[in-house]
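Novice: Dropping a structure here in structure tokens format, bear with me for questions.
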Amino acid sequence: MNSEASTPVVHTRLDGSVLVVTIDNPPVNALGVAVRSGLLQAVELAHNSPDIQAVLLVGKGKAFIAGADIREFGKPPMPPSLPQVLELMETGSKLVVAAIHGPALGGGLEVALAAHYRLALPAAKLGLPEVNLGLLPGAGGTQRAPRVMGVKAATELMLSGKHISAAEALESGLVDRVAEGSDPEQAGLAYVNELLAAKAPIRRTRDIAIADKAAALAELDALQAATAKKARGLFSPLKIIECVRHAVELPLEEGLPRERAAFLECLESPQRTGLIHAFFAEREVVKIPEAKAAGPRALNTLAVIGGGTMGAGITVAALDAGLPVIMIERDAESIARGRANVEKVYDGLIAKGRLTAEGKAAIMARYTGSTRYDDIAAVDLVIEAVFEDIDVKKAVFKELDRVCKPGAVLATNTSYLDINAIADSISRPQDVIGLHFFSPANIMKLLEIVVPAKVSPDVVATAFDLARKLKKVPVRAGVCDGFIGNRILAVYKQAADYIMEDGASPYEIDEAVRGFGYPMGPFQVTDLAGGDIGWATRKRKAATRDPNARYVEVADRVCERGWFGQKTGRGFYLYPQGARVGQPDPEVLAIVDAERARKGITPRTFTPEEIMRRYMAAMINEGANVLNEGIALRPLDIDVTFLYGYGFPRHRGGPMKYADMVGLETILNDITTFAQEDPLFWKPSPLLVKLVQEGKNFDSLNTLA
Ligand code: 3H9
């Protein structure tokens, strides 16, 4: 007998004595209120029907269940809650089996853990990634996973947020069996019928005892110490450990309400708001107007012009993505150096045991070095990564114009030069685009896709397609000096310099910035990147700098001594014997003092909070200018730029989200106050003023018209 239907997102069907419950809530079967109600009804139906002996849970589409519906967080909760549904499911009298063929994440895995048996198919991905959203598993995961897979493995799964495969899940005990195929209903029914025939008992996870409690608690102590060290202000990891401790010490009935309370605490935290904003922002950022107008051009082969640090990094990124790459250099010696730069990356992986010599050979088989532009006549996309000088770049583009096939995408990796001028210097400006990779290009996730005036939409779509292939996070940017990221960086770096000259040491500033959640402060970053880079930029801009603008010369004094940072053994910090962590340098402090004295500045003290107010106000204000000028499409594009390219702490969501959380009026008040000291630097952005007047926030600008 087959009977169809209940709610639209959960279907039930009787197959013999098995109630097949299908979650059908595209795109990922998230556990929104309708799914929870549907599941509850299905479980009740099974309990009340004598003909039903077992329940089989499956997901329709690609996922089993990807977890709670993240879009519901922050809104008033609607019953039934997931723990309520799972309580009934686990304690009920009918056998429940979950057949997992795709992602079973967060609440999705918690559903499976409340079932009595679990089957995985090869494409299953299992995990409790709530920590990535500032949360902890809130529907029994912290209580049931340790009982099923052991305390250490379960806690590590939750702390890492990692997804594991079907085979790994079997090995850890998270699932009972792995079956072949991709049809969860077919494989699941076979398994359920086998269990019924064998009169398999209803095996409730809550009844599984944690074997050696003392050993488990010792493991938790070790994990807690390690987590506390690296949590950098994150709230939920330590809460996860606390909940697992309850799982060890208490019966499930007592552990569950404690887990729920901890989950609700996390849900209320601003870290959850920031992290969930980041989750959606990185998915929204690929939605661009050009994608509506055109699809990408074919993209199977690539050329990179230049084998220096950037060119080699881009080449590695493309080779890793399986693309064949031709690298062009001007002579035999340079191409040998370019190839060596590429090989160095793979040799490093071999040394760490992460790649074999054969693996390297297979990758390098896709690499060709050449000194002849004619060799790239047939490639689909070229990325120029030569010396940062407009005339050198124009000369390269002239060659590309001469040799490349019609329709080839011609990209420049410039970080600040005028891409419109490069495009206009050749006969096909519609094919020219900026691809601003960040160093090291094979590691850094951010890719600014810089859209010049005459580029055709399908070229922009191709650039986004390339980013997808290279597993980069693309952000669409307009043409200006520094695009989105470096333009904003220049302004808040200036604010940091002013704070330094006014009284805080570079070390205090770095500490305040790290305290905010960054891995490094701005002066540490300067030392890592090389002080000479910023020095060259300052010299380039000297002629056009407003003579009335405040200019801090401390960094110039440091560079004049040849102190360029880590590579020279000293910069703002000292790096004795090649140390990677710098030590404060009294001579740098003396330079700062001398500069203050020269300008007649009496130093004052700054608390970390005062430092961060200025630092963030400068960043947000310039972010608003970048938006106002259309350089960034939406505030979330700026957030993603800073999360992926500049180490902005993810739990704060990005600078524009952070501004919304603090309140735009507060930010504007700060800027107006600071403007009393330096009205030229602290000019409130017209967009910020407008939003405050209208009572709106940046988030109101996050949807594309
Ligand atoms: C949780 O479960 C808490 C519980 O412990 C407690 C409960 C009481 N909700 O990533 P994609 C959307 S916390 C709502 O591009 P893929 C996504 O925004 C949750 N929407 O696809 C996108 O929308 P759009 C724990 C969601 O194939 C579309 O689905 N779970 C959710 O590359 C496609 O997503 C997680 O953290 C959701 N849960 O990757 C898992 N998930 O098309 C989060 C996705 O409008 N999800 N969307 O842009 C993922 O990791 C990936 O989405 C997944 C698919 C691997 C599933």
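The values are calculated or read from the model by the stated rules, or taken from the named source; none is laboratory data. All values reported here derive from a predicted model rather than from experimental measurement. Only protein heavy atoms, including side chains, enter the accessible area calculation; ligands, DNA and RNA are left aside. Shrake-Rupley method; radii C 1.70, N 1.55, O 1.52, S 1.80 Å.
Novice: For Lys599, give me every one of the aspartates and glutamates with a C-alpha distance below 16 angstrom, ignoring sequence neighbours fewer than eight places off in its own chain.
Specialist: Result set, ordered by chain and number: Asp497, Glu501, Asp502, Glu553, Asp556, Glu677, Asp678.
Novice: Right, here's the next one. What are the semi-axes of the equivalent ellipsoid for the stretch 223-328, taken as the square roots of 5 times the Cα gyration tensor eigenvalues, largest first, in whole Å?
Specialist: Working: eigenvalues 430, 85, 34 Å².
After diagonalising the Cα gyration tensor, the semi-axes are 46, 21, 13 Å.
Novice: Can I ask one more? I'd like the distance separating the alpha-carbon centroids of the stretch 660-690 and the stretch 70-115, in whole Å.
Specialist: Each part reduced to its Cα centre gives a spacing of 46 Å.
Novice: Quick one: helix 236-249 against the long Cα principal axis of the chain, what's the angle to the nearest 10°, folded into 0 to 90?
Specialist: Between the helix axis and the principal axis of the chain, the angle is about 30 degrees.
Novice: Another one. By how many degrees, between 0 and 90 and to the nearest 10, does the Cα long axis of helix 506-516 differ from the longest principal axis of the chain?
Specialist: Value to nearest ten degrees: 20.
Novice: I need the semi-axes of the equivalent ellipsoid of the stretch 406-483: take the C-alpha gyration tensor, multiply each eigenvalue by 5, square-root it, list largest first in whole angstrom. Before the final figure, lay out each step's value.
Specialist: On the way: eigenvalues 77, 41, 19 Å².
Over the Cα atoms of the stretch 406-483, the ellipsoid semi-axes are 20, 14, 10 Å.
Novice: So, with a 1.4 angstrom probe, what is the percent of accessible area on the chain that is carbon and sulfur?
Specialist: Numbers: 16480 of 29730 Å².
Ligands and nucleic acids excluded, carbon and sulfur give 55 percent.
Novice: On to the next question. Take the Cα gyration tensor of the stretch 299-479, multiply each eigenvalue by 5, square-root it, and list the three semi-axes largest first, rounded to whole angstrom. Walk me through the numbers before you get to the answer.
Specialist: Numbers: eigenvalues 132, 62, 40 Å².
The answer is 26, 18, 14 Å, longest axis first.
Novice: To the nearest Å, what is the center-to-center distance of the stretch 395-427 and the stretch 489-518, using C-alpha atoms only?
Specialist: So the two Cα centres are separated by 38 Å.
Novice: Throw me the Rg/Rh for the stretch 10-267, computed over C-alpha atoms with Kirkwood Rh, two decimals.
Specialist: When Rh is taken as the Kirkwood radius, the ratio is 0.95.
Novice: Given only helices, namely DSSP H runs of n ≥ 4 each adding -39500 (n - 2.57), what is the per-residue ellipticity at 222 nm of the chain, to the nearest 500 deg cm²/dmol? Write down the numbers at each step before the final one.
Specialist: Working: 29 runs with 347 residues, N = 705.
After summing the helix terms and dividing by the residues of the chain, the value is -15500 deg cm²/dmol.
Novice: Same structure again: Using a 1.4 angstrom probe with every protein chain in place, what is the largest-first accessible-area order of Val552, Val178?
Specialist: Details: Val552 10, Val178 55 Å².
These residues rank, largest area first, as Val178, Val552.
Novice: Here's a follow-up. Measure up Lys287/Lys344; Lys287/Lys360; Lys162/Lys352; Lys445/Lys541; Lys405/Lys471 against 32 Å on the Cα-Cα distance and list the ones that go over.
Specialist: On the way: Lys287/Lys344 36 Å; Lys287/Lys360 35 Å; Lys162/Lys352 22 Å; Lys445/Lys541 29 Å; Lys405/Lys471 26 Å.
Beyond 32 Å between Cα atoms: Lys287/Lys344; Lys287/Lys360.
Novice: Further question: Reachable aspartates and glutamates from Lys62, Cα under 12 Å, same-chain residues fewer than 8 places away excluded?
Specialist: Reachable aspartates and glutamates: Asp24, Asp183.
Novice: Enumerate the calculated ³J(HN,Hα) couplings along the stretch 677-693 in order (Karplus 6.51 cos²θ - 1.76 cosθ + 1.60, θ = phi - 60°), each rounded to whole Hz, writing x wherever the residue is Gly or Pro.
Specialist: 7, 8, x, 6, 7, 8, 9, x, 5, x, 5, 4, 4, 5, 4, 5, 4
Novice: Please give the per residue accessible area of the stretch 102-228, computed with a probe of 1.4 Å over protein heavy atoms only, in Å². Each step should come with its number before you reach the end.
Specialist: Values: 4800 Å² over 127 residues.
On a per-residue basis, the stretch 102-228 sits at 38 Å².
Novice: Provide the gained length on full extension for the span Lys230 to Asp331, in nm with one decimal, where the gain is 0.36 nm per separating residue minus the Cα-Cα distance.
Specialist: Numbers: separation 101, 0.36 × 101 = 36.36 nm, distance 4.71 nm.
Extending this stretch completely gives an extra 31.6 nm.
Novice: With every protein chain kept in place and ligands, DNA and RNA left out, what is the accessible area per residue of the stretch 568-675? Probe 1.4 Å, answer in Å². Walk me through the numbers before you get to the answer.
Specialist: Numbers: 4440 Å² over 108 residues.
The answer is 41 Å² per residue.
Novice: Take every DSSP beta bridge whose two residues both sit in the chain, then give the antiparallel share in percent to the nearest 5.
Specialist: Of all bridge pairs located within the chain, approximately 30 percent are antiparallel.
Novice: What ranking of Asp391, Asp431, Asp221 comes out by heavy-atom accessible area, probe 1.4 Å, highest first? Before the final figure, lay out the partial values.
Specialist: Details: Asp391 105, Asp431 5, Asp221 85 Å².
Ranked from most to least accessible, the order is Asp391, Asp221, Asp431.
Novice: Here's a follow-up. What residues have an amide H closer than 5 Å to that of Ala632, excluding those fewer than 5 places away on the same chain, when H is modeled at 1.01 Å from N in the peptide plane?
Specialist: Gly478, Leu627
Novice: I'm checking a number: the convex hull volume of the Cα atoms of the stretch 113-218, normalised per residue, in Å³. What is it? Display every interim value, and only then the final one.
Specialist: Values: hull volume 11.7 nm³, N = 106.
Residue-normalised Cα hull volume stands at 110 Å³.
Novice: Can you give the accessible area of Asp375 in Å² (nearest 10), computed on protein heavy atoms with a 1.4 Å probe?
Specialist: In the full protein context, Asp375 sits at about 70 Å².
Novice: Cα axis of helix 82-91 to longest principal axis of the chain: angle in degrees, 0 to 90, nearest 10?
Specialist: Compared with the principal axis, the helix lies near 30 degrees.
Novice: Accessible area, 1.4 Å probe, largest first: how do Tyr518, Tyr416 sort? Write down the numbers at each step before the final one.
Specialist: Numbers: Tyr518 10, Tyr416 60 Å².
Descending order: Tyr416, Tyr518.
Novice: Which three extents, in angstrom, do the Cα atoms of the chain have along their principal axes, listed largest first?
Specialist: The Cα atoms of the chain stretch 87, 62, 55 Å along their principal axes.
Novice: To continue, here is another question. Just to be sure I understand: of the beta bridges DSSP finds with both ends in the stretch 299-479, what percent are antiparallel, rounded to 5?
Specialist: Details: 4 of 29 bridges.
Here the share of antiparallel DSSP bridges comes out near 15 percent.
Novice: Roughly how many Å² of Lys75 are accessible to a 1.4 Å probe, to the nearest 10?
Specialist: My reading of the accessible area for Lys75 is about 130 Å².
Novice: Pop out the Kirkwood hydrodynamic radius of the stretch 536-628 from its pairwise C-alpha distances, inverse of mean 1/r, in Å to one decimal. Don't jump to the answer; show the numbers that get you there.
Specialist: Working: mean 1/r = 0.0628 Å⁻¹.
Taking every pair of different Cα atoms in the stretch 536-628, averaging 1/r and inverting gives 15.9 Å.
Novice: Under the rule of at least 5 residues apart or a separate chain, name every residue whose amide H is placed under 5 Å from the amide H of Val475.
Specialist: Leu447, Glu448, Ile449
Novice: Answer rounded, prolate or oblate for the stretch 47-91, using the Cα gyration tensor with square roots of eigenvalues a ≥ b ≥ c: rounded when a/c is under 1.5, else prolate when a/b is larger than b/c, else oblate.
Specialist: Details: a/c = 3.26, a/b = 1.48, b/c = 2.20.
Oblate, since a/c reaches 1.5 and b/c is not below a/b.
Novice: May I pose another question? Enumerate the amide H contacts of Ile164 below 5 Å, restricted to partners 5 or more residues apart or on another chain; note that Pro and chain-start residues carry no placed amide H.
Specialist: For Ile164, the qualifying residues are Leu126, Gly127.
Novice: While we're here: Any idea of Thr462's accessible area? Nearest 10 Å², probe 1.4 Å.
Specialist: 0
Novice: Here is a further query. Give the aspartates and glutamates whose C-alpha is closer than 13 Å to that of Lys292, dropping any in the same chain fewer than 8 places away, or say none.
Specialist: Straight-distance partners of Lys292: Asp458.
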